[in-house]
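The values are calculated or read from the model by the stated rules, or taken from the named source; none is laboratory data. Values in this document were obtained by computation on a predicted structure and should not be read as measured data. Note: ideal-geometry Cβ built from the backbone for every residue, glycine included; neighbour counts use all protein chains shown. Heads up: the accessible areas ignore ligands, DNA and RNA and are worked out on the full protein's heavy atoms, side chains in. Shrake-Rupley method; radii C 1.70, N 1.55, O 1.52, S 1.80 Å.
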Amino acid sequence: MKNAILITLLIVLGCGSLFAQVNIRQSSVLELEKVDSKNFHQVTIQPESFTLEFEGKELMVCAGLTEDLFLHTKAETDINADFNSYFFIFKFLAMEGNADYLPIGPDEAASLNETHGAKITEEGKSTFTVNSLQVSGEKKPISAFDRFFMALWNDQNKDQFIDKNELLHLKVVVQ
């Protein structure tokens, strides 16, 4: 019986979820809260820069000003075939190596990696500091927003298919 419980625990832990693989940090790691009536999480941040910490070397991010973002960033999506997905392969921006912003818009997804502004830590995690959001080509500080939404996708198995456990929908409240 103990072996069955241990195996079950290892399977649950081994499957993981994106929730456990992405943190948002300001002065400390911020708690992501599940919104019961909706199918997303919520985090409250100060009106200043924040850092995304994630497992692996790359995190794909779509950001928007409304919850409609989540309608176009769904699990069970092949990013090579679904033209309506904001994660469609040809919508990823070629961001600068020193990028410190997230683009906002339906045709602008960010691939956060070393080439596009992410840093690798000594522990093997990656970090990306967000100083602003880019709306219609103009960068605005986080303090210019009262909220925004992010879809975070970590393609763990590198199959370019958005599996349910690889996707996190997040409402960010700025206070």
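Annotations
- Meets criteria (within 14 Å of A109 (Cα to Cα), among the aliphatic types (A, V, I, L, M) and assigned to a strand (DSSP E or B)) for V43: no
- Given (1) buried (at least 17 other Cβ atoms within 10 Å of the Cβ); (2) small (G, A, S); (3) closer than 16 Å to H169 by Cβ, number of the condition S37 does not satisfy: (1)
- Count of the stretch 121-137 residues which are out of contact with any strand residue (DSSP E or B) (no Cβ under 9 Å at 6 or more places or on another chain) and charged (D, E, K, R): 2
- Residue in the stretch 128-150 that is surrounded by the most Cβ atoms within 10 Å (Cβ to Cβ), counting only those that are part of a strand (DSSP E or B) and of a type in the set (A, V, I, L, M): M150
- Condition check for L9: within 20 Å of K158 (Cα to Cα) and at pLDDT below 90: no
- Identity of the residue in the stretch 100-127, under 16 Å from the mean Cα position of the chain (by Cα) and more than 21 Å from I89 (Cα to Cα), that ends up surrounded by the fewest Cβ atoms within 10 Å (Cβ to Cβ): K119
- One residue stands out in the stretch 57-91 among those that are surrounded by 19 or more Cβ atoms within 10 Å (Cβ to Cβ) and assigned to a strand (DSSP E or B): the one that is farthest from the chain's Cα centre (by Cα), namely T77.
- Test result for K158, among the charged types (D, E, K, R), open to solvent by 10 Å² or more (accessible area, probe 1.4 Å) and assigned to a strand (DSSP E or B): no
- Listed by first and then second residue, the pairs linking a residue in the stretch 94-121 that is farther than 18 Å from E138 by Cβ and touching a residue at least 24 places away in the same chain (Cβ under 8 Å) to a residue that is among the basic types (K, R) and open to solvent by less than 50 Å² (accessible area, probe 1.4 Å), with Cβ atoms under 7 Å apart and 6 or more places separating them unless they lie on different chains, are A109/K91.
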